[in-house]
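Trainee: Got a structure for you, written out below as structure tokens; questions coming shortly.
The values are calculated or read from the model by the stated rules, or taken from the named source; none is laboratory data. Everything quoted here is computed from the prediction, not taken from an experiment. Note that each Cβ is placed from the backbone with ideal geometry, even for glycine, and that neighbours are counted across all protein chains shown.
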């Protein structure tokens, strides 16, 4: 992924492209780290995001813009294939930070697929969470599918292979002993929901980011009545035991009108967090985190998911993965710290 360029030219390009999407370039490593005790003004933070238009891409672009406007840090975003690549790029020194799914943090530390081997925690220290994706299975009302067990022998839409959501689905199916009993059909989100509408699949994974229904599901419900499947408490516990980056969350009629008033659906939940490498200067991460905390309204104006950022900054993070000291300092100052978490190096 690296381009062969002169070190001087690459450093100039990274600074000049601050706040814009770019390809990874590790030539700024030498200039991005200040000497101990020096100012972090002009410190370069290259942040990995998912595909353009994705939730994490929009969020990281918003954070980059706000940090550039309110600090003297220089941030730029780098479009990647997703969290797995981002963690590997931080580990190799080609990025300072970026987005990761909570499921991916646990997979990386344990050396589980899709990672080829264990990744040291130093490559993925948490800064703060910013989104929770509730991922229930949805089907068309009257399909005869009332529970997860009813998916046996059915065609099930899965998000694209290798994505964090697809990895969540695998673990959920395994909890129900359905891994070899359903036929997975891989689609992009909107295409998958269209396939459910057209009857090409019997059920599909849904997605609610920070409790907000995805636009593709809203469109689906204009022509079809849908039903959301609920995890049993036993299955929810089994999923979390398999990967503590996956939680479960209650959904009600406030999240989706298909859920009857007074009833609830338990959905598996994967979350998005900002992570940094341990070698990234503490003051730089502190300023980045503080700028996001202090400018939530501006972030929400760019991405509505971030209007409730403070509700997710620690509530969706992974207890087993340490926080970057700079982020922990900013969270503590803002009264957002949770003492159940640990700080790297302490």
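Residue by residue, here is whether (1) surrounded by fewer than 18 Cβ atoms within 10 Å (Cβ to Cβ); (2) over 30 Å from residue 223 (Cβ atoms); (3) in contact with a helix residue (DSSP H, G or I) (Cβ under 7 Å, 6 or more places away or on another chain) holds:
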| residue | (1), (2), (3) |
| --- | --- |
| 95 | no, yes, yes |
| 132 | no, no, no |
| 152 | yes, no, no |
| 155 | yes, no, no |
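Trainee: Only one of these is in the same structural domain as residue 176 (by TED's automatic domain parsing), surrounded by fewer than 23 Cβ atoms within 10 Å (Cβ to Cβ) and over 25 Å from residue 307 (Cα atoms): 146, 113. Name it. Outline the logic, then answer.
Mentor: Numbers: 113 fails: in the same structural domain as residue 176 (by TED's automatic domain parsing).
After applying the criteria, what remains is 146.
Trainee: Something else now. May I ask you to list the residues in the range 319-342 that are surrounded by 15 or more Cβ atoms within 10 Å (Cβ to Cβ) and either free of Cβ contacts under 8 Å to residues at least 40 places away in the same chain or touching a strand residue (DSSP E or B) at 6+ places or on another chain (Cβ under 7 Å) (or both)?
Mentor: Result: 321, 322, 323, 324, 325, 327, 328, 331, 337, 341.
Trainee: In the range 117-147, how many are more than 28 Å from residue 100 (Cα to Cα) and either touching a strand residue (DSSP E or B) at 6+ places or on another chain (Cβ under 9 Å) or at pLDDT below 95 (or both)?
Mentor: So the count comes out to 7.
Trainee: On the basis of being within 27 Å of residue 153 (Cα to Cα), surrounded by fewer than 17 Cβ atoms within 10 Å (Cβ to Cβ) and in contact with a helix residue (DSSP H, G or I) (Cβ under 8 Å, 6 or more places away or on another chain), does residue 238 make the cut? Spell out how you get there, then give the answer.
Mentor: Numbers: within 27 Å of residue 153 (Cα to Cα): yes; surrounded by fewer than 17 Cβ atoms within 10 Å (Cβ to Cβ): yes; in contact with a helix residue (DSSP H, G or I) (Cβ under 8 Å, 6 or more places away or on another chain): yes.
It is true that residue 238 is within 27 Å of residue 153 (Cα to Cα), surrounded by fewer than 17 Cβ atoms within 10 Å (Cβ to Cβ) and in contact with a helix residue (DSSP H, G or I) (Cβ under 8 Å, 6 or more places away or on another chain).
Trainee: Please work out which one of (1) closer than 19 Å to residue 293 by Cα; (2) out of contact with any strand residue (DSSP E or B) (no Cβ under 7 Å at 6 or more places or on another chain); (3) at pLDDT 95 or above; (4) assigned to a helix (DSSP H, G or I) is the condition residue 67 fails and give its number.
Mentor: Evaluating residue 67 over (1) closer than 19 Å to residue 293 by Cα; (2) out of contact with any strand residue (DSSP E or B) (no Cβ under 7 Å at 6 or more places or on another chain); (3) at pLDDT 95 or above; (4) assigned to a helix (DSSP H, G or I) leaves (2) as the failure.
Trainee: Further, regarding this structure: Of all residues being outside the structural domain of residue 120 (by TED's automatic domain parsing) and part of a loop (DSSP other than H, G, I, E, B) in the range 261-282, which is surrounded by the most Cβ atoms within 10 Å (Cβ to Cβ)? Just the residue, please.
Mentor: Looking at the filtered set, the residue picked out is 264.
Trainee: Let me ask something additional. Can you name the strands (runs of 3 or more DSSP E) wholly within the range 75-177 that have at least 1 residues being in contact (Cβ under 8 Å) with a residue 40 or more places away in the chain and under 14 Å from the mean Cα position of the chain (by Cα)?
Mentor: On the way: elements: 97-101, 125-134, 137-140, 155-158.
It comes to 97-101, 125-134.
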